[in-house]
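Working notes, beginning with the structure itself.
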Amino acid sequence: MFTGAMVALVTPFQDGQIDFETLDELVEFQLDHSIDGIVPVGTTGESPTLSHEEHKHVIERVIKASGGQVPVIAGAGSNSTAEAIELTAYAKKMGADATLQVTPYYNKPTQEGFYQHFKAIAEEVDLPVVLYNIPGRCGAGMTPETIARLAEAENIVAVKEATGSLDQASEIATRCDITIISGDDSLTLPLASVGGKGVISVVANIVPADVKAMTDLILEGDLVSARQWHNKLFALCKSMLTLATNPIPIKAAMAMLKMAPEELRLPMTSLEESKRAVLEQTLRDYGLLQ
């Protein structure tokens with residue numbers, strides 16, 4: 001249901017407030033470059049530092065700006081099941097096509113806790129759910145067995161796999177037919193070799209057409225041609241991961257490209273000066289800066 005190139009959209013800020021005008025422009029940029037889906041207020045969208053009202057306003061604005069041209073998968077996760085249900089219900093009310101549900105962070109539930117959390121959301125709100133398995137951010141992650149149990153629910157349709165493990169993805173694929181989506185740009189093609197169907201992409205904020213070119217080839221089954229795009233994108237993808245914690249590098253890159261302000265909210269801070277030259281050179285090498 002949700003495959004191809006989907007952007008993990010940043011949330012632009014200006015003077016401490018959400019910059020909704022720039023947010024509209026970013027959505028338009030994605031649509032102009034034929035992105036397959038838009039994912040607001042996830043990790044890249046700095047959801048942990050948005051108030052609930054801001055979170056809802058971003059969802060509403062992105063849905064309105066996208067105008068039904070592509071699916072909007074609204075970030076609606078929380079480490080509180082009740083809060084996740086509230087955000088999911090709001091996303092449905094606003095017309096979202098699905099929600100992205102991150103594994104509960106900080107409280108580190110058991111596998112049964114993960115199962116009951118997502119099951120409750122899926123049962124309470126009739127909207128497609130994309131699970132988001134990212135133990136590096138959350139302190140714990142779901143096993144393939146738990147994901148397979150959850151896949152039995154009709155409206156749990158996909159999993160964004162950000163464990164970095166191809167074995168994990170392979171085991172999920174052998175246990176159930178849930179759609180597997182990469183949560184790491186640099187692993188989109190490797191994940192496709194074991195059944196992945198696309199990516200929720202950070203780097204698509206700046207090169208959506210290139211990410212889509214690669215995922216189109218993946219979905220056509222042409223992994224050899226897709227490898228050429230993987231090789232071109234690789235250094236750019238890795239810079240978004242290794243220079244600093246996401247979304248610090250992508251916001252710095254977007255500011256360099258005059259796409260959006262670099263502003264973040266604490267505890268996120270701007271890219272260190274010592275690393276800016278590296279990022280600038282990566283953008284030059286890719287052909288994005290002169």
Worksheet item: Tell me, which residue of the range 230-258 that is in contact (Cβ under 8 Å) with a residue 12 or more places away in the chain and in contact with a Pro (Cβ under 9 Å, 6 or more places away or on another chain) is nearest to Val207 (Cα to Cα)?
Response: Met254
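If a residue counts only when it is under 22 Å from Leu191 (Cα atoms), which helices (runs of 4 or more DSSP H) contained entirely in the range 79-166 have at least 2 such residues? Don't jump to the end; show me each part of the working.
Numbers: elements: 81-94, 111-124, 135-138, 144-150.
So the answer is 135-138, 144-150.
Could you go through the range 247-266 and let me know if any residue there is in a loop (DSSP other than H, G, I, E, B), under 21 Å from Thr188 (Cβ atoms), out of contact with any His (no Cβ under 6 Å at 6 or more places or on another chain) and not charged (D, E, K, R). Please lay out each step first, then the result.
Within the range 247-266, the first condition is being in a loop (DSSP other than H, G, I, E, B), and the residues that meet it are 247, 257-266.
So of that shortlist, the ones also under 21 Å from Thr188 (Cβ atoms) come out as 247.
Remaining after also requiring out of contact with any His (no Cβ under 6 Å at 6 or more places or on another chain): 247.
Checking the rest, the ones that are also not charged (D, E, K, R) come to 247.
Scanning the range 247-266, I find at least one residue that is in a loop (DSSP other than H, G, I, E, B), under 21 Å from Thr188 (Cβ atoms), out of contact with any His (no Cβ under 6 Å at 6 or more places or on another chain) and not charged (D, E, K, R), so the answer is yes.
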Item to complete: Could you run through the range 167-206 and say how many residues are in a loop (DSSP other than H, G, I, E, B), in contact with a Ser or Thr (Cβ under 8 Å, 6 or more places away or on another chain), surrounded by fewer than 21 Cβ atoms within 10 Å (Cβ to Cβ) and at negative phi?
Response: 2
Worksheet item: Just one of the numbered conditions (1) more than 14 Å from the chain's Cα centre (by Cα); (2) in a helix (DSSP H, G or I); (3) closer than 28 Å to Ile156 by Cβ is not true of Lys238; which one?
Response: (3)
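Give the residue that is nearest to the chain's Cα centre (by Cα), with candidates limited to residues of the range 268-290 that are of a type in the set (S, T, N, Q) and surrounded by 14 or more Cβ atoms within 10 Å (Cβ to Cβ). Walk me through how you get there before you give the answer.
Taking the range 268-290 as the starting set, the residues that turn out to be of a type in the set (S, T, N, Q) are 269-270, 274, 281-282, 290.
Checking which are surrounded by 14 or more Cβ atoms within 10 Å (Cβ to Cβ) leaves us with 270, 282.
On the way: Ser270: 21, Thr282: 22 Å.
So the residue we want is Ser270.
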Discussion item. Could you go through the range 127-136 and let me know if any residue there is at pLDDT 95 or above, of a type in the set (Gly, Ala, Ser) and either farther than 21 Å from Phe2 by Cα or in contact with a Leu (Cβ under 7 Å, 6 or more places away or on another chain) (or both).
Written reply: no
Discussion item. So, in the range 128-150, exactly how many residues are buried (at least 20 other Cβ atoms within 10 Å of the Cβ), without any contact (Cβ under 8 Å) to a residue 60 or more places away in the chain and of a type in the set (A, V, I, L, M, F, W, C)?
Written reply: 6
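The values are calculated or read from the model by the stated rules, or taken from the named source; none is laboratory data. Note that the structure is predicted; figures quoted are calculated from it, not measured. Reconstructed Cβ throughout: ideal geometry from the backbone, glycine too, with neighbour counts over all protein chains shown.
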